[in-house]
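J.: Here it is, the structure, as structure tokens.
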Amino acid sequence: MPGPMELLLIFLVVVLLFGAKRIPEIAKGLGQGIKEFKKSLSELTKHDS
């Protein structure tokens, strides 16, 4: 797990690459992707049981 300094560095690189205005869009898309992945994973485990 990265420490606070590594997370800050990653955040700064993301801001430089994508710009501050696009970060909320990217975070929203990432959150939706994770949600769909978890939903698919739970459906898959239901079918196996």
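Readers should treat all values here as calculations from the given coordinates under stated rules, not as data from a laboratory. Values in this document were obtained by computation on a predicted structure and should not be read as measured data. In this analysis, Cβ positions are derived from the backbone assuming ideal geometry, glycine residues included, and neighbour counts consider all displayed protein chains.
J.: Compute the angle between helix 23-48 and the longest alpha-carbon principal axis of the chain, please, reported from 0 to 90 degrees and rounded to the nearest 10.
T.: Helix 23-48 sits at roughly 20 degrees to that axis.
J.: Taking only Cα atoms, what is the 0 to 90° angle, nearest 10, from helix 4-18's long axis to the longest principal axis of the chain?
T.: Compared with the principal axis, the helix lies near 80 degrees.
J.: Between residue 14 and residue 46, what length comes free when the chain is fully extended (0.36 nm per residue of separation minus the Cα-Cα distance, one decimal in nm)?
T.: On the way: separation 32, 0.36 × 32 = 11.52 nm, distance 3.71 nm.
Taking residue 14 through residue 46 to full extension adds about 7.8 nm, to one decimal.
J.: In the chain, if the dipole is taken from +1 on Lys/Arg beta carbons and -1 on Asp/Glu beta carbons about the Cα centre, which of 19, 47, 5 is farthest to the positive end?
T.: 19
J.: Output the direction-averaged projected area (hull surface divided by four) of the convex hull of the alpha-carbon atoms of the chain, in nm². Write down the numbers at each step before the final one.
T.: Details: hull surface 18.5 nm².
Quarter of the Cα hull surface area: 4.6 nm².
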